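Novice: I'd like to ask you about the structure that follows.
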Amino acid sequence: MTFSASDLLTLTREGLYCPLGDFHVDPTWPVPRALITHGHADHARAGHGQVLATGQTLRIMAVRYGEDFCETRQEAKLGEDIRVGDVTVRFAPAGHVLGSAQIAIQARGVRVVVSGDYKRAPDPTCLPFEVMPCDVFITEATFGLPVFRMPDTRDEVQKLLDSVALFPERAHIVGAYALGKAQRVMALLREAGYDRPIYLHGAMEKLTELYKQEGVPLGETPKVVAAERGKLHGAIVLCPPSAIQDVWSRKFPDPVASFASGWMRVRARARQKGAELPLCISDHSDWPDLCRTIRETGAGEVWVTHGQEDALVHWCGIQGIKAKPLHLLGYGDDGEAEPGVAEVAA
Amino acid sequence: MNHFAQLLDRLAYEPRRNAKLRLLQDYFSRTPDPERGFALAAMTGNLTFREAKPAMIRGLVEARVDPVLFALSHNYVGDLAETTALIWPAPDVTASLDALTPGRGDAPPPLGHNNPPPHIPTLAEVVETLATVKKADLPARLAEWLDALDETGRWALLKLITGALRVGVSARLAKTAVGALGGHEADAVEEVWHGMVPPYLSLFAWVEGKAERPTTLNPAPFRPPMLSHPIDAETDFEKLDPAAFSGEWKWDGIRVQLSGGRDEVGSQVARVYSRTGEDITGAFPDLAQAITFTGTLDGELLILKESRVLSFNVLQQRLNRKAVTPKLLEEFPAHVRAYDLLTAEGADLRPLPFAERRARLETFVGALDHARIDLSPLVPFATWEDLAEARADPAAVGAGADADAIEGVMLKLRDSPYLPGRPKGPWWKWKREPHLVDAVMMYAQRGHGKRSSFYSDYTFGVWRPRQDGSLELVPVGKAYHGFTDAELAKLDRYVRNHTVKRFGPVREVAYGLNEGLVLEIAFEGVQRSTRHKSGLALRFPRVHRIRWDKPAAEADRIALLETILARGTSEIAPGATLEIPS
């Protein structure tokens with residue numbers, strides 16, 4: 001029997017597993033050896049033995065879980081081949097959040113790329129996605145329906161700035177995931193010329209500090225002082241999405257409830273969340289970019305991990321590309337989860 | 001079109017009235033004629049054109065998109081217009097969806113004579129084209145527009161042309177925003193509104209101070225009505241002098257205005273307007289033929305059969321009809337009980353005191369002598385106690401069989417002119433006591449706007465015996481007002497601390513024979529309902545008191561509500577929406 005991708009990567013209870021290298025990729029349970037694509041909590045969990053990830057991802061994990069989040073850690077340099085057991089792995093930027101990477105796994109002439117979460121749209125806070133040619137491309141499908149075509153983020157940020165100009169007496173509270181989305185919104189605001197302080201909920205302070213240390217300029221980002229909330233007229237305040245429905249948001253002056261998320265593309269979703277100013281800003285690939293990326297990798301086979309896999313598998317079929325859903329459990333979508341789920345988890 | 005689309009998009013998500021007003025004002029002040037005029041027409045429901053059918057839109061999109069992908073998407077998004085707006089492929093690329101968009105990181109292809117920029121249609125262009133386009137040409141035009149617009153633009157266009165433009169803006173609010181451009185009240189806009197046509201160039205010129213106030217050429221115009229305040233029996237009466245007021249019945253119908261006059265060639269023009277200035281003449285041809293006069297009558301629309309006023313439930317059957325058939329006219333004859341005269345034979349009577357207008361009204365209605373228009377009688381009283389008795393038992397004080405259609409009494413200051421709007425002081429309404437029921441909170445939902453972090457909408461239920469005799473709670477309504485901010489904070493805390501299940505923005509709270517919060521609900525009546533499991537729904541329910549002290553098991557049983565329904569005292573809630581057949 002010839003060696004195939006399904007020999008290189010199998011599925012276990014913990015997630016994707018490589019028997020030849022004896023490691024898991026983004027395992028959802030503690031394992032002896034884990035390769036981590038990026039720092040979001042559903043992909044990067046604490047309690048593994050050895051962890052191999054980019055330096056930035058390792059530092060994000062340390063901020064989130066403490067320095068002892070695993071027994072030993074190893075930094076993966078982008079673009080370098082690393083030998084793990086009987087396989088060679090290579091990390092390349094995924095464009096999703098700071099430090100995010102895809103992982104190419106190669107042995108006996110077969111190359112599989114686990115893309116983790118990724119996007120192609122420009123993001124001033126992380127390195128852009130690099131295409132890695134492969135035999136099997138493992139992709140997410142969070143926004144895997146053709147209705148998800150994300151607009152230019154500059155227009156979305158302008159919506160926020162226009163609203164601040166029109167309602168200068170109201171606080172604008174933007175719900176955004178604490179790792180990645182929040183910092184991207186800050187960077188986009190700075191690109192648009194907004195130079196006033198951007199106020200932060202306490203939950204995003206440490207990660208934002210880390211972004212700055214990693215060389216991402218975000219300007220002045222003071223933490224919201226509880227007693228001062230009532231004075232933040234016309235301010236832009238970033239908080240985790242769940243905080244908007246929380247008592248925390250009440251004390252701001254006539255707050256505008258805004259959310260920065262790809263889910264805002266669909267009105268029913270935006271309304272369900274109670275968004276008054278939905279900003280369609282996604283850290284995942286939209287439909288055209290999922291399709292484009294699959295084609296550019298030259299992969300003859302596609303495995304779809306999580307999201308709207310049916311449509312993407314169908315599309316691959318039309319293109320003559322073999323495709324199957326993996327039905328991986330345990331991956332949400334980075335605080336862009338279905339309404340309600342994030343709230344329960346928070 | 002794109003600016004209009006952006007406005008609609010913002011309005012659709014904005015819950016606050018004042019914020020909507022600001023968005024509208026901002027749009028009207030920045031948008032040139034005639035674009036803003038057509039936008040105003042679209043929002044006030046004054047555009048007429050050939051509407052596109054959903055089947056046509058489906059046909060257009062299915063010719064461009066893989067049917068499986070479209071079906072999956074439609075299923076996910078739920079709304080045809082929105083799905084189409086989002087999935088519509090960019091033009092000038094190969095037909096299949098994969099090549100939809102070049103990477104946003106890439107430079108866009110240079111525009112030139114081989115690649116002209118798409119022409120983005122203005123709203124004015126869309127409206128003008130739709131008014132004249134041949135049916136067979138519509139799909140091609142629509143496709144061109146969809147190619148040129150972005151997602152939001154396509155959504156707004158599709159909503160507009162399918163006649164489903166609902167963005168939570170009333171005609172009144174749009175007019176308020178227009179008036180505010182020049183510091184005018186909405187009523188001032190209403191005065192000149194009827195008789196004007198889109199794109200309202202003279203209206204905008206006037207509010208912006210560039211032209212004189214437009215003279216209305218409408219011989220039967222709408223006059224903004226005078227509205228009343230609810231009286232607080234505990235505190236207001238002691239400050240008021242009974243001798244200064246006239247009393248009238250408060251009829252449980254709908255407020256209308258009958259306006260008549262002669263046009264330039266001498267033909268009679270007759271109009272029936274709703275309280276908000278909507279022209280509802282088409283729905284009431286039987287009333288229109290009674291408007292043989294030149295003048296404006298203010299009164300209550302009722303169904304009168306065999307000289308007896310029927311209840312609001314009966315009136316509703318006339319209102320919620322699509323077509324006005326001869327059978328409908330015969331079964332539910334419309335009638336107006338007049339209580340004010342605003343103009344007569346070209347004279348504006350509104351500056352006159354009520355007592356004088358009333359005398360003129362009596363003469364006017366007497367001279368008119370039409371079976372469909374009569375006078376709302378005065379309710380004589382000398383003291384507030386007299387009035388209280390009349391309110392408690394209208395039948396005993398001359399209302400006779402009509403008492404069922406009376407929902408209280410009105411007080412009108414005898415020397416007050418007719419003032420549009422809701423001035424405080426001259427007119428008071430004193431409604432019949434509401435019904436009360438003790439119900440148990442079952443679900444709570446987060447509110448909107450300022451209340452978006454509060455669980456402020458409560459579904460409540462009453463006890464119903466099961467077959468085996470045990471009791472279960474069945475929902476009978478939902479209330480979201482009647483409490484103070486401090487009480488809301490306490491209710492919110494209660495909900496958060498007693499949640500047993502969550503469904504998105506809704507929480508189910510703990511309830512049962514041994515636990516649960518009792519809310520004393522005030523309401524105006526009981527209706528049959530297919531929406532609630534109980535088969536009943538309360539009219540205009542609000543939280544009257546929070547019974548922190550009362551055990552849930554002691555809340556009321558459904559039999560109480562069924563008795564009220566059976567008594568036929570289920571007249572209308574003041575908050576009920578008016579649907580006019582078109």
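The values are calculated or read from the model by the stated rules, or taken from the named source; none is laboratory data. As the structure is a prediction and not an experimental result, all values here were calculated from the model. Glycine gets a Cβ as well: all are built from the backbone with ideal geometry, and neighbour counts include every protein chain shown.
Novice: Only one of (1) within 14 Å of chain A (Cβ to nearest Cβ); (2) touching a residue at least 12 places away in the same chain (Cβ under 8 Å); (3) touching a strand residue (DSSP E or B) at 6+ places or on another chain (Cβ under 6 Å) is not met by B:Val526, so which one is it?
Specialist: Among (1) within 14 Å of chain A (Cβ to nearest Cβ); (2) touching a residue at least 12 places away in the same chain (Cβ under 8 Å); (3) touching a strand residue (DSSP E or B) at 6+ places or on another chain (Cβ under 6 Å), B:Val526 violates only (1).
Novice: Still on this structure, please answer the following. Taking region A:140-179 as the region of interest, how many residues are more than 10 Å from every other protein chain (Cβ to nearest Cβ) and within 24 Å of B:Val65 (Cβ to Cβ)?
Specialist: 4
Novice: Further question on the same structure: Is it the case that B:Arg391 is assigned to a helix (DSSP H, G or I), out of contact with any strand residue (DSSP E or B) (no Cβ under 6 Å at 6 or more places or on another chain) and surrounded by 15 or more Cβ atoms within 10 Å (Cβ to Cβ)? Break it down stepwise before answering.
Specialist: Working: assigned to a helix (DSSP H, G or I): yes; out of contact with any strand residue (DSSP E or B) (no Cβ under 6 Å at 6 or more places or on another chain): no; surrounded by 15 or more Cβ atoms within 10 Å (Cβ to Cβ): yes.
No.
Novice: Confirm whether A:Trp248 is surrounded by fewer than 21 Cβ atoms within 10 Å (Cβ to Cβ) and not in a strand (DSSP E or B).
Specialist: Judged against the criteria, A:Trp248 is a match.
Novice: Would you mention how many residues in region B:304-331 are part of a helix (DSSP H, G or I) and more than 23 Å from the chain's Cα centre (by Cα)? Even if it seems obvious, please write down each step before you answer.
Specialist: As a first pass, look at region B:304-331 and keep what is part of a helix (DSSP H, G or I): B:312-319, B:326-331.
The next check asks that each one be more than 23 Å from the chain's Cα centre (by Cα); those that pass are B:326-331.
Matching residues across region B:304-331 total 6.
Novice: Has region B:275-292 got any residue that is at positive phi and of a type outside the set (Val, Ile, Thr)?
Specialist: yes
Novice: Please tell me if A:Pro146 is in contact with a helix residue (DSSP H, G or I) (Cβ under 6 Å, 6 or more places away or on another chain), under 19 Å from A:Gln308 (Cβ atoms), modelled with pLDDT of 95 or more and assigned to a loop (DSSP other than H, G, I, E, B).
Specialist: Yes.
Novice: Which one of these does B:Ala510 not meet: (1) crowded, with 16+ Cβ neighbours inside 10 Å; (2) more than 16 Å from B:Trp548 (Cα to Cα)?
Specialist: Against the list (1) crowded, with 16+ Cβ neighbours inside 10 Å; (2) more than 16 Å from B:Trp548 (Cα to Cα), B:Ala510 comes up short only on (2).
Novice: So which of B:Val476, B:Val500 is more than 30 Å from A:Ala171 (Cα to Cα), within 14 Å of chain A (Cβ to nearest Cβ), out of contact with any Lys or Arg (no Cβ under 6 Å at 6 or more places or on another chain) and at pLDDT 90 or above?
Specialist: Every option except B:Val500 fails the conditions.
Novice: Being within 14 Å of chain A (Cβ to nearest Cβ), over 20 Å from B:Ala5 (Cβ atoms) and part of a helix (DSSP H, G or I) is the filter here, so list the residues in region B:36-82 that pass it.
Specialist: Residues satisfying the conditions are B:Glu62, B:Pro67, B:Val68, B:Leu69, B:Phe70, B:Ala71, B:Leu72, B:Ser73, B:His74, B:Asn75, B:Tyr76.
Novice: Can you find a residue in region A:236-244 that is at the interface with another protein chain (Cβ under 10 Å from one of its Cβ atoms) and closer than 25 Å to B:Ser453 by Cα?
Specialist: yes
Novice: Residues to consider are A:Gly180, A:Gly219; find the one that is on the phi > 0 side of the Ramachandran plot and surrounded by fewer than 24 Cβ atoms within 10 Å (Cβ to Cβ).
Specialist: A:Gly219
Novice: Continuing with the same structure: Only residues that are aliphatic (A, V, I, L, M) and either closer than 23 Å to A:Gly262 by Cα or not in a loop (DSSP other than H, G, I, E, B) (or both): list them for region A:287-307, please.
Specialist: Those that are aliphatic (A, V, I, L, M) and either closer than 23 Å to A:Gly262 by Cα or not in a loop (DSSP other than H, G, I, E, B) (or both): A:Leu290, A:Ile294, A:Val302, A:Val304.
Novice: Given the structure, is B:Ala107 assigned to a loop (DSSP other than H, G, I, E, B) and at pLDDT below 60?
Specialist: In short, yes.
Novice: Residue under question is A:Leu277, and the condition is that it be hydrophobic (A, V, I, L, M, F, W, C), in contact with a Leu (Cβ under 6 Å, 6 or more places away or on another chain) and at pLDDT 95 or above; does it hold? Before you say what the answer is, go through the steps one by one.
Specialist: Working: hydrophobic (A, V, I, L, M, F, W, C): yes; in contact with a Leu (Cβ under 6 Å, 6 or more places away or on another chain): no; at pLDDT 95 or above: yes.
When the stated conditions are applied, A:Leu277 does not pass them.
Novice: Quick check on my filter: what residues within region A:133-159 are within 19 Å of the chain's Cα centre (by Cα) and closer than 23 Å to A:Tyr17 by Cα?
Specialist: Across region A:133-159, the qualifying residues are A:Phe137, A:Ile138, A:Thr139, A:Glu140, A:Ala141, A:Thr142.
Novice: Then there is this: How many residues are touching a strand residue (DSSP E or B) at 6+ places or on another chain (Cβ under 9 Å) and within 14 Å of chain A (Cβ to nearest Cβ) if we restrict to region B:450-473?
Specialist: Within region B:450-473, residues that are touching a strand residue (DSSP E or B) at 6+ places or on another chain (Cβ under 9 Å) and within 14 Å of chain A (Cβ to nearest Cβ) number 7.
Novice: Quick one: in region B:134-167, which of the residues that are β-branched (Val, Ile, Thr) and more than 15 Å from B:Ile57 (Cβ to Cβ) is farthest from the chain's Cα centre (by Cα)?
Specialist: Among them, the one singled out is B:Thr152.
Novice: Next up: Take the residues in region B:429-450 that are part of a strand (DSSP E or B) and within 30 Å of B:Ala19 (Cα to Cα), then tell me which one is modelled with the lowest pLDDT. Full working, then the answer.
Specialist: Of region B:429-450, the ones part of a strand (DSSP E or B) are B:429-431, B:435-446.
Those still in the list that are within 30 Å of B:Ala19 (Cα to Cα) too: B:443-446.
Numbers: B:Tyr443: 96, B:Ala444: 95, B:Gln445: 92, B:Arg446: 85.
Filtering first and then ranking leaves B:Arg446.
Novice: Tell me, yes or no, whether region A:86-106 has at least one residue that is over 13 Å from the mean Cα position of the chain (by Cα), closer than 30 Å to A:Ser242 by Cα, within 14 Å of chain B (Cβ to nearest Cβ) and in a loop (DSSP other than H, G, I, E, B).
Specialist: So far as region A:86-106 goes, no, none of its residues is over 13 Å from the mean Cα position of the chain (by Cα), closer than 30 Å to A:Ser242 by Cα, within 14 Å of chain B (Cβ to nearest Cβ) and in a loop (DSSP other than H, G, I, E, B).
Novice: Could you check how many residues of region B:356-388 are hydrophobic (A, V, I, L, M, F, W, C), in a loop (DSSP other than H, G, I, E, B) and surrounded by 14 or more Cβ atoms within 10 Å (Cβ to Cβ)?
Specialist: The number of residues fulfilling the criteria is 2.
Novice: Among the residues of region B:443-454, is there at least one that is over 25 Å from B:Leu361 (Cβ atoms), without any contact (Cβ under 8 Å) to a residue 24 or more places away in the chain and of a type in the set (A, V, I, L, M)?
Specialist: Scanning region B:443-454 turns up no residue that is over 25 Å from B:Leu361 (Cβ atoms), without any contact (Cβ under 8 Å) to a residue 24 or more places away in the chain and of a type in the set (A, V, I, L, M).
Novice: What single numbered condition from (1) crowded, with 20+ Cβ neighbours inside 10 Å; (2) in contact (Cβ under 8 Å) with a residue 40 or more places away in the chain; (3) out of contact with any His (no Cβ under 9 Å at 6 or more places or on another chain) fails to hold for B:Pro465?
Specialist: (1)
Novice: Right, another one. Among the residues of region B:503-520, count how many are touching a residue at least 40 places away in the same chain (Cβ under 8 Å), away from every other protein chain (no Cβ under 14 Å) and not acidic (Asp, Glu).
Specialist: The number of residues fulfilling the criteria is 8.
Novice: How many of the residues making up region B:191-212 are in contact with an Asp or Glu (Cβ under 9 Å, 6 or more places away or on another chain) and assigned to a loop (DSSP other than H, G, I, E, B)?
Specialist: The number of residues fulfilling the criteria is 3.
Novice: Out of region B:1-18, which residues are within 11 Å of chain A (Cβ to nearest Cβ) and either free of Cβ contacts under 8 Å to residues at least 40 places away in the same chain or among the charged types (D, E, K, R) (or both)?
Specialist: The answer is B:Asp9, B:Arg10, B:Tyr13, B:Glu14, B:Arg16, B:Asn18.
Novice: Just give me the residues in region A:265-293 being farther than 18 Å from A:Asp155 by Cβ and more than 7 Å from every other protein chain (Cβ to nearest Cβ), in sequence order.
Specialist: Of everything in region A:265-293, those that are farther than 18 Å from A:Asp155 by Cβ and more than 7 Å from every other protein chain (Cβ to nearest Cβ) turn out to be A:Arg269, A:Arg271, A:Lys273, A:His284, A:Ser285, A:Trp287, A:Leu290, A:Thr293.
Novice: In this structure, is A:Arg120 among the basic types (Lys, Arg) and under 25 Å from A:Thr208 (Cα atoms)?
Specialist: Judged against the criteria, A:Arg120 is a match.
Novice: Still on this structure, please answer the following. Of the residues that sit in region B:203-242 and are surrounded by 15 or more Cβ atoms within 10 Å (Cβ to Cβ) and among the charged types (D, E, K, R), which one is farthest from B:Leu181 (Cα to Cα)?
Specialist: Filtering first and then ranking leaves B:Asp236.
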